[in-house]
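Student: This structure is in C-alpha cells; I'll ask about it shortly.
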Amino acid sequence: MKVMDRFGLAAALLDEGEAERGAAAAHQALDDAARVDSTLVASRLNMLLEAARPYETAAVQDVRTRARDLATARPTTIAA
C-alpha cells in the first residue's frame, strides 16, 4: 500500500470514530512517510492531524507526536 493510501485510510478511520485502528494505520503511514520527501505527503500529514484533532487517547497522542517530529525533521507546509 502506498504512503498516500495509508494516510487516507488512517484519516478515514479517525473520521469514522475508530481512534485505535486509525492510530495504527497512521503509524504505518508515518513509517512510510519518513522515507518520502514530498509536498503531497505534507498535505496528507495535515489531513491526518486534522482528523486526529478530536481524540485525546494515548494512541492518537503518540501519532500527533510522531507527526510533529516528522514535521520538525522536514519543515515544509506541515501544520504541526
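Student: For the chain, what is the relative contact order in percent, using Cα pairs closer than 8 Å and at least 6 residues apart in sequence?
Tutor: Relative contact order here is 33 percent.
Student: May I pose another question? ARG68 versus ALA12, label points 7 Å from Cα toward the beta carbon: distance in nm?
Tutor: 2.9 nm
Student: For semi-axes √(5λ) of the Cα gyration tensor in Å, one of (i) 29, 13, 10; (ii) 18, 13, 10; (iii) 22, 12, 12 was computed from the structure I shared and the rest are decoys. Which label?
Tutor: The calculated read-out lines up with (ii).
Where a number appears in this text, it was derived from the coordinates with a stated rule and is not lab data. Remember, it's a predicted structure, so these values are computed and weren't measured experimentally. Don't worry about glycine lacking a Cβ; one is built from the backbone with ideal geometry, like all the others, and counts go over all protein chains shown.
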